[in-house]
1. Would you grab the residues whose amide H sits under 5 Å from the one on S169? Only those 5+ places off in sequence or on another chain, please, with H modelled 1.01 Å from N.
2. What number, rounded to the nearest 500 deg cm²/dmol, is the helix-based mean residue ellipticity at 222 nm of the chain, given -39500 (n - 2.57) per DSSP H run of at least four residues and division by all its residues?
3. HN-Hα J couplings of the stretch 208-221 from phi, Karplus 6.51/-1.76/1.60, θ = phi - 60°, integer Hz, Gly and Pro as x?
4. Please report, in whole Å, how far the alpha carbons of the stretch 9-97 spread along each principal axis, starting with the longest.
5. Using θ = phi - 60° and the Karplus relation 6.51 cos²θ - 1.76 cosθ + 1.60, list the HN-Hα couplings for the stretch 357-363 in order, rounded to whole Hz, with x at every Gly or Pro.
6. Tell me the angle of helix 294-325 to the major Cα principal axis of the chain, expressed in degrees between 0 and 90 and rounded to the nearest ten.
7. How large are Rg and Dmax for the chain when calculated on the C-alpha trace, in angstrom?
8. Under 26 Å Cα to Cα from K116, which lysines show up? Leave out anything in the same chain fewer than 8 places away.
Amino acid sequence: MHKESAPSAAELEALLATARTFVREVLVPVESQLLHGAWAQNEPVLAQLREQARALGLWAPFLPASHGGRDLPLDAYARLSEVLGWTPFGHYVCNCQAPDVGNMELLLQFGTDDQKAQFLEPLTRGEIRSCFAMTEPEHAGSNPVMMSTRAVREGNEFVITGHKWFTSSADGASFAVVMAVTDPDEARKHFRASQILVPLPTPGYTLVRNIAVMGESGGGWASHAEVRFDGVRVPVTNVLGLQGHGFALAQERLGPGRIHHCMRWIGICERAFDLMCRRAVERELAPGDVLANKQQVQFWIADSRIEIHAARLMVMDAATRMAHHGQEAAREEIAYIKVFVANTLQRVLDRAIQAHGALGMTDDTPLAWWYRHERAARIYDGADEVHRTVIARRALKPYLPPRTPRE
């Protein structure tokens, strides 16, 4: 996406410092309440925190100034995303949380004036939330072209019928971006589906349940829903972008989204690393207590520090490449970071929990919460196995014999 102007180095550092202070001095003290309270209780508190973030100039930093944002280019936003990732609610409070951030970027780039007025503008102002309905329980998410949801045109309307799940944040969302097959006879399989804007609630739409993820069903923005569309009718003008270009739009959404996720994960790693180091020192210095297997914990700390540093450099390289040369030029680097950073996150969290002993298994720290919720990092937006296959194929391509032209 076009950015009007990049902040100077001094401006970016000042913004990062403001965000860091806000996260650590304002958000972290209420973190336990927000993590373990019901969404209905948390929402008024979060609304107040959002106003504080807005007043500090941290609101929707990826958006143009004309839409209330800071117009940060991708590489600058990546650095801010790490700072916000220190706490689970950092991105939400600054209105740059998934899935809304991706939906805002799609609407900004491909939405019509009417779509922007109806869906984008209230989303940028933080008045509503949205969701993205793509994954289906009947098909492997690793092959998204296997999709049963259909949108059949009848006059000036599309009639949508389908079954989705892991529609994140559907609970309380005001609209969904729905992936549905609109052109089933199209020979090119990646041009059969479209993205359609569906206001919620609407006749024929059912939120079946908030799916329990490792024992937590969540609510509101923190939910992952199973939903059904049974004859849902929307105007044909609700197609986002061009009909049949749903997968192309999904790729536009996924590239920056993977940068966003990876830098958020690095923020989580840094918080877990901080907690692990604090715990190690506290245990070692406690009177009459000797840190069990001191060298092993030192190895966990060293390995985590090395891996976090490597992950950050890889992500910033991918973000800079994408910001300056476009998504296609950074395709391989995006695949690298999606695999490497997701696995780094899992290892660092596991070490931090191990260093905390029994405390690490409780909800007295955010470690167990992240361990439950972020294990999915190796699955969504392309499972490890999919990215590794793509990386290997590209690496092997120069070594393969040239193909013989067909007669």
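Values in this text are rule-based calculations from the coordinates and carry no lab data. Small disclaimer: the values here were computed from a predicted structure and weren't measured. Neighbour counts run over all protein chains shown; Cβ positions are idealised from the backbone, glycine included.
1. S223, H224, A225
2. Numbers: 12 runs with 186 residues, N = 407.
Theoretical 222 nm ellipticity from helices: -15000 deg cm²/dmol.
3. 5, 5, 8, 6, 6, 10, 6, x, 10, 8, x, x, x, 4
4. Per principal axis, max minus min of the Cα coordinates gives 38, 24, 19 Å.
5. With coefficients 6.51, -1.76 and 1.60, one gets x, 4, 4, x, 7, 8, 9 Hz.
6. With rounding to tens, the tilt is 30 degrees.
7. Expressed in Å, the Cα Rg and Dmax of the chain come to 22.1, 82.
8. Excluding near neighbours in sequence, the set is K3, K164.
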